Amino acid sequence: MRGLSKGLALLIVAGALPAQEWQIDSAHSSVQFAVRHMMVATVRGSFGKINGKVRWDPANPAAASVEAQVEVASIDTREPKRDAHLRSPDFFDAEKFPVMTFRSTSITPAGPGRYKMAGELTIRGVTRPVVFDVEGPAQPVRGMGGELRTGATATARINRKDFGMTWNRVLDTGGVAVGEEVTITVDVALVQRPSK
């Protein structure tokens, strides 16, 4: 779905940070999604396993880059049968396409503490352009191990059919079981560990 990555965020680091590489902290990051169900409710879920890296030069934001990968099998909507269906060929086809990816192509300021991050999102082997609205990052803090930590949030909307996820069911009352538009929210924690 779209919006892979605070994140795929996805995941900008503030201008106060040095021009170095930051790693996505998978244990404290997630990709969430929301889609209409039965035309009356919104179903939400998340992918718990995301990793990747961010490079950021405060003197040259246009040179920043983001790469993120999400493990499709880590999907969780709090309903095992639904999760199994989403992993099936009807949707993500997780066995054949186990990873979703995002690679930024441009990052531009969009107001105080905000950016527009354009990039290429790949789901089920299909790559489409997407633009994330990025908020953040948080003021970096020093962790207990001496590492620097920060985070950001990125949001986007995609049409799942653009990525080959066309399954649906027509309802007796009209409409369809699953909406086409998917909202993606990426909450990403970034870490920069001290050199050894």
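Every read-out reported here was derived from the displayed coordinates using simple, explicitly stated rules and does not represent laboratory data. The model shown is predicted, which means the values in this text are computed figures rather than measured ones. FYI the Cβ positions are ideal-geometry reconstructions off the backbone, even for glycines, and counts take in every protein chain you see.
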Computed label-point distance, nm, for sites residue 60 and residue 144 using a 7 Å Cα→Cβ extension: 3.9
If you add up the charges near residue 112, with Lys and Arg at +1 and Asp and Glu at -1, over every other residue whose beta carbon is less than 14 angstrom from its beta carbon, what do you get? 0
Ranked by Cβ crowding within 10 angstrom, fewest neighbours first, how are 117, 144 ordered? 144, 117
Can you give me the distance in nm between label points at residue 106 and residue 44, each placed 7 Å from the Cα along the Cα-to-Cβ direction? 3.3
For the charge dipole of region 21-192, defined by +1 on Lys and Arg C-beta atoms and -1 on Asp and Glu C-beta atoms about the Cα centroid, which residue among 190, 26, 108 has the Cα displaced farthest towards the positive pole? 108
Relative exposure of 130, 178, judged by other C-beta atoms within 10 Å (fewest first): 178, 130
